[in-house]
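Throughout, read-outs are computed from the coordinates displayed, never taken from laboratory work. Keep in mind it's a predicted model, so treat the numbers as computed, not measured. Positions of Cβ are backbone-derived with ideal geometry, glycine not excepted, and every protein chain shown enters the neighbour counts.
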Amino acid sequence: MAAQEYNFRLGLAVWAFKDWVGNFYPLKSQATNFLRLYGDRMLAVEGNTTFYSVPSAQMVQRWANNTPDDFRFCPKLPRAVTHEGALMAHLPAALSFAALMQGLGKKLGPVMAQLPPSYSPAAFNDLEKFLTAWPCATVPLSVEVRHLDWFEEKHAAKLTSLLTRLN
């Protein structure tokens, strides 16, 4: 059977939610089976867990092994990269994380950079340098800005131009 192409992938922020047992997951499902069961129903997951803790290479391989071929992980950059000052100061850790996530192989979707509400357009140069250094050709990156000033026309246009230029 040939692989299907999707215009979008439906997924959630987590797969390990015990309250889903009996509804989303069958009764008596064990936590060790949640990812496999989740992958039977969804095509992607945000991977919020990586925001709080960087997994081992063995864990990343386990994730890849327990999901269907057409499944995609969209892991968040660790908060130590995105929420502790300038992004460029944490570039080595970010690149190490990108290399680790490549262990997902073709199951790696875009890595998510969720920036804190305190990361304003005043940090544009830092963001530009960080995104320019990111290996977009092998590890796609999505960016979520949360500071309200990013949504003002002058900043939104500059950010859109940067993201478009870097694909």
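Things to note:
- Note on the range 58-167: with charges restricted to the Cβ of Lys and Arg (+1) and Asp and Glu (-1), its dipole about the Cα centre is near 280 debye.
- Stretchable slack from Ser29 to Thr164, in nm (0.36 nm times residue separation minus alpha-carbon distance): 44.2 nm
- In a fully extended conformation the segment linking Leu12 and Glu84 would gain 23.4 nm over its present Cα-Cα distance, using 0.36 nm per residue.
- Based on C-alpha pairs under 8 angstrom that are at least 6 apart in sequence, the chain has a relative contact order of 18 percent.
- Listed candidates (1) 175; (2) 138; (3) 159 - label of the one calculated as volume of the Cα convex hull per residue in Å³: (2)
- Nonlocal Lys pairs with alpha-carbon distance under 20 Å, the chain (8 or more apart, or different chains): 6
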